[in-house]
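Trainee: Sharing a structure here in structure tokens format.
The values are calculated or read from the model by the stated rules, or taken from the named source; none is laboratory data. Predicted, not measured: the structure shown is a model, and the values here were computed from it. Virtual Cβ from ideal backbone geometry, glycine too; neighbours counted across all protein chains shown. When the accessible area is computed, the model is the full protein with side chains, heavy atoms only, and any ligands, DNA or RNA have been set aside. Shrake-Rupley method; radii C 1.70, N 1.55, O 1.52, S 1.80 Å.
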Amino acid sequence: MADDMEGLQMTTTRFDTYRHARYAWDDEVAGRLDPVERLVYRSNLLGADRRITNTGGGNTSSKLRMPDPVTDDVVDVLWVKGSGGDLRTVSREHFASFDLARLHALRERYERSPERGPKTPAEDAMVDLYVHAVFGANPRPGSIDTPLHAFVPFRHVDHTHPDAVIAIAAAADGRRLAQEVYGDEVGWVDWQRPGVELGLQIAAACAARPDLRGVIMGQHGLICWDDDDKGCYETTLELIERAGRFIEARAAEAAAFGGPRVRALGDDERRRLLVEVLPRLRGLVSSERRFIATVQDDERVRAFIDSVDAPRLSELGTSCPDHFLRTKIKPLYVPWHPDHADVEGLLTAVEDGLRRYRDDYRTYYGAHAPAEAPAMRDPNPTVILIPGVGMVTFGRNKSE
Ligand SMILES: [Zn+2]
């Protein structure tokens, strides 16, 4: 544990105002809560801002001193968001609890194993052993991210998938950009599947540089920590804000996405098109499962959709694997021009685009799925970009 580090950790709120995250911590509310409730509170605040983490993505933890129910000895207990649930709405029951000493014993056992390594049977076998380290007969299973939290030698850990940080993490020269944004305050680990090995890499980074405040996980997201829970929350927000402002400054220097390609339609025109197109679109996308739609047509999303580079960039697909669980590997960009096409033209472009998208998905699945892979998912897109109009996303419920 990092008790010996406490004098070194500084909690600073670096920004008075945030543009890339919403600061929502309220000392009065937090002050009325017990330590596990404070963890739930922190998680809900982080999850409520979709720029900080995606639906169902990310996890949080606190290492708390508690009496063992059998011996009454006070032990370190890791409370960490378990499998299932969304940070925005999680409650106490969504958190797994582990005897931290036993998790460390498991780690030592793994480190002694000669066959260990990324994606080895030895690494996979660890997941089934966590249940033997459960504290307090808590039935919530731990997630694959448990080691990320257990092995970081600080009391509180946030792992999120923030838009602004992923933009850095998924860039071709992400490591250099991260260095430019954060200097030596934040480390970097290349993409690796979540699990024990990733947890050990982050633990090694902490051991090598005890003043590190967090790590950017390549192609993935952010993990950061503090010995104070509010400090951990503020560190997450600060690191996101710094990435956001870095990108903002770059965007001001050059036309983002190659500049605009199509004229933005007026609010009334957009609405009229959506009223005519949405019911048909929803029917087409729901060919296998019933979906509901969410429309986003603010200036920020249209700056991308209406840009010169949008058709090309859309084909590159989603950067973060945790996102494409829901977004599919890429959005459907509808090749339609708002200047010289009517509703019928748009519907034809949507139908052609959907056919092409489903064929692409079947080809992709056929090319990459090993024999033991799960059955092919619904080949319909969940994100549809319509130039001049906006983004229409689909899910089984509003949250998805
Ligand atoms: Zn993650």
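Trainee: On full extension of the chain, what length is gained from Arg356 through Asp268, given 0.36 nm per residue of separation minus the C-alpha to C-alpha distance? Numbers along the way, then the final one.
Mentor: Details: separation 88, 0.36 × 88 = 31.68 nm, distance 3.04 nm.
Separation in residues times 0.36 nm, less the Cα-Cα distance, equals 28.6 nm.
Trainee: Hey, could you grab the Kirkwood Rh for region 51-145? Inverse mean 1/r over distinct alpha carbon pairs, Å, one decimal.
Mentor: Final number for the Kirkwood radius of region 51-145 is 14.5 Å.
Trainee: At 0.36 nm per residue, and after removing the present C-alpha to C-alpha distance, how many nm does the segment from Lys398 to Phe15 gain when stretched out fully?
Mentor: On the way: separation 383, 0.36 × 383 = 137.88 nm, distance 3.23 nm.
Contour length minus the Cα-Cα distance gives 134.6 nm.
Trainee: Leaving out ligands, DNA and RNA, and with a 1.4 Å probe, what % of the accessible surface on the chain is carbon or sulfur? Intermediate results must be reported in sequence, preceding the final value.
Mentor: Numbers: 9980 of 19070 Å².
Solvent-exposed carbon and sulfur of the chain make up 52 percent of the total.
Trainee: Would you please give the FRET efficiency between Ala373 and Val295, computed as 1/(1 + (r/R0)^6) with r the Cβ-Cβ distance and R0 = 41 Å, to the nearest 0.05? Write down the numbers at each step before the final one.
Mentor: Details: r = 33 Å, r/R0 = 0.81.
Once rounded, the FRET efficiency stands at 0.80.
Trainee: Then there is this: How much accessible area per residue does region 11-252 have, counting only protein heavy atoms and a probe of 1.4 Å, in square angstrom?
Mentor: Working: 10070 Å² over 242 residues.
With all protein chains present, region 11-252 gives 42 Å² per residue.
Trainee: While we're on this one: Solvent-accessible area per residue for region 287-400 at a 1.4 Å probe radius, Å²? Before the final figure, lay out the partial values.
Mentor: Values: 6000 Å² over 114 residues.
Result: 53 Å² per residue.
Trainee: Right, something else. Sorted by packing (mean other beta-carbon atoms within 10 Å per residue), highest first, where do 322-328, 193-199 land? Numbers along the way, then the final one.
Mentor: Values: 322-328: 17.7, 193-199: 20.9.
Output ranking for 322-328, 193-199: 193-199, 322-328.
Trainee: Same structure again: Heavy atoms only, probe 1.4 angstrom, no DNA, RNA or ligands counted: give me Leu87, Leu278 ranked by accessible area, highest first.
Mentor: On the way: Leu87 0, Leu278 45 Å².
Result of the area sort, largest leading: Leu278, Leu87.
Trainee: So what are the ³J(HN,Hα) numbers for region 70-75, from phi and the Karplus equation (6.51, -1.76, 1.60; θ = phi - 60°), rounded to whole Hz, Gly and Pro as x?
Mentor: 8, 8, 6, 5, 7, 10
Trainee: Once fully extended, how much extra length lies between Ala256 and Lys119, figured as 0.36 nm per residue of separation less the alpha-carbon to alpha-carbon distance? Intermediate values should be presented prior to the final figure.
Mentor: On the way: separation 137, 0.36 × 137 = 49.32 nm, distance 3.83 nm.
My answer for the length gained is 45.5 nm.
Trainee: Between Gln179 and Ala204, how high is the FRET efficiency from 1/(1 + (r/R0)^6) when r is the Cβ-Cβ distance and R₀ = 22 Å? Nearest 0.05.
Mentor: Details: r = 18 Å, r/R0 = 0.83.
Efficiency for this residue pair is about 0.75.
Trainee: A further question on this structure: Could you calculate the FRET efficiency of Asp128 with Ala105 from 1/(1 + (r/R0)^6), where r is the beta carbon distance between them and R0 is 22 Å, rounded to 0.05? Could the numbers behind the result be given before it?
Mentor: On the way: r = 15 Å, r/R0 = 0.70.
Calculated value: 0.90.
Trainee: Hand me the tally of lysine pairs in the chain: alpha carbons under 25 angstrom apart, and the pair either on different chains or 8 or more positions apart.
Mentor: Lysine pair count for the chain: 9.
Trainee: Which value, in nm² and rounded to one decimal, describes the direction-averaged projected area of the C-alpha convex hull of region 288-400?
Mentor: Values: hull surface 31.4 nm².
Computing the convex hull of the Cα atoms and averaging its projections yields 7.9 nm².
Trainee: Describe numerically, in nm with one decimal, the distance between label points set 7 Å from Cα along Cα→Cβ at Thr348 and at Thr89.
Mentor: According to this spin-label approximation, the distance is 4.2 nm.
Trainee: Take the chain, drop everything but the C-alpha atoms, weight them equally and run the Debye formula without solvent; then report log10 I(q)/I(0) at 0.06 Å⁻¹ to two decimals.
Mentor: -0.27
Trainee: Could you work out how far apart the two model spin labels at Ala30 and Arg280 are, taking each label as a point 7 Å from the Cα in the direction of the beta carbon, and quote it in nm?
Mentor: 5.2
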